[in-house]
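The values are calculated or read from the model by the stated rules, or taken from the named source; none is laboratory data. Because the structure is a prediction, the values reported are computed rather than measured. Here the Cβ positions follow ideal geometry from the backbone for every residue, glycine too, while neighbour counts run over all protein chains shown. For the accessible areas, the whole protein counts, side chains as well, though only heavy atoms, and no ligand, DNA or RNA atoms are used. Shrake-Rupley method; radii C 1.70, N 1.55, O 1.52, S 1.80 Å.
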Amino acid sequence: MTSLTRPVAPDPYSLLPAVPSFDLRSDDLAHGDRLPDAHTNTPAGGNVSPHLAWSGFPPQTRSFAVSCFDPDAPGPAGWWHWTLLDVPATTTELATGAGTAGSTTLPRGAFALRGDDGEAAYVGAAPPPGDQVHRYFFVVHALDTDSLGVGPDAMPGAANTALVFHTLARAVLVGTYQR
């Protein structure tokens, strides 16, 4: 079997231009804690996106983007689990399961991109068995535009790169998971 031993990836958001932060919380997970199994793509999981609520963002915010990224996935590019775009500025909370495939609770106008699993929905944590602890960065970006201007066929990496140019502030909540 191939060894997965490797250094821990850096915090990907610490490598971006600095922006102010705002508050992000969840009824389903606490910053730094293990993701509950419900939010995983494992036999014990259900691919249920966690509740997220945010506040304290800049008043000039025109929309939000929400993402979940695992920088610890094997390979050089990490793994995109969820990218939600064009979330209206009036939205400050996503219910548990809002990003789950088939959910009808996303805010009007918001849409998910296909993640690295190929699904245009939240796909939960699924690190290889025996691998190091993986970190899942749930991030809400407060944006200076109503729409990022990309369509549903955009790649998550391209959309998240475009976010750098429109982010007024960023909120981060990190969960972990290991099998």
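Against the definition (among the polar types (S, T, N, Q), assigned to a loop (DSSP other than H, G, I, E, B) and farther than 23 Å from ALA9 by Cβ), how does THR104 come out, yes or no?
On the way: among the polar types (S, T, N, Q): yes; assigned to a loop (DSSP other than H, G, I, E, B): yes; farther than 23 Å from ALA9 by Cβ: yes.
So THR104 passes the test.
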Hey, PHE137 open to solvent by 40 Å² or more (accessible area, probe 1.4 Å) and at pLDDT 95 or above or not: no
Quick check: is even one residue across the range 4-18 aliphatic (A, V, I, L, M), assigned to a strand (DSSP E or B) and open to solvent by 20 Å² or more (accessible area, probe 1.4 Å)? no
Given ASP146, ASP117, which one is within 14 Å of the chain's Cα centre (by Cα), part of a loop (DSSP other than H, G, I, E, B) and surrounded by fewer than 21 Cβ atoms within 10 Å (Cβ to Cβ)? ASP117
Is one or more of the residues making up the range 83-101 closer than 16 Å to ASN160 by Cβ, out of contact with any Gly (no Cβ under 9 Å at 6 or more places or on another chain) and in contact (Cβ under 8 Å) with a residue 12 or more places away in the chain? yes
Tabulated pairs, the range 55-72, first surrounded by fewer than 23 Cβ atoms within 10 Å (Cβ to Cβ) and modelled with pLDDT of 95 or more, second in a loop (DSSP other than H, G, I, E, B) and aromatic (Phe, Trp, Tyr), C-beta under 6 angstrom, 6+ apart or interchain: GLY56/PHE22
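Please work out if THR167 is without any contact (Cβ under 8 Å) to a residue 40 or more places away in the chain, of a type outside the set (Asp, Glu), farther than 21 Å from PRO50 by Cβ and open to solvent by 10 Å² or more (accessible area, probe 1.4 Å).
Taking the combined requirement at face value, the residue does not satisfy it.
Taking the condition in contact with a strand residue (DSSP E or B) (Cβ under 6 Å, 6 or more places away or on another chain) and buried (at least 17 other Cβ atoms within 10 Å of the Cβ), does ALA98 pass?
no
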Within the range 31-45, how many residues turn out to be more than 15 Å from ALA95 (Cβ to Cβ) and either outside any loop (DSSP other than H, G, I, E, B) or in contact (Cβ under 8 Å) with a residue 60 or more places away in the chain (or both)? 10
Could you list, in sequence order, all residues of the range 73-95 that are modelled with pLDDT of 95 or more, more than 14 Å from THR40 (Cβ to Cβ) and open to solvent by 50 Å² or more (accessible area, probe 1.4 Å)? THR90, THR92, GLU93, ALA95
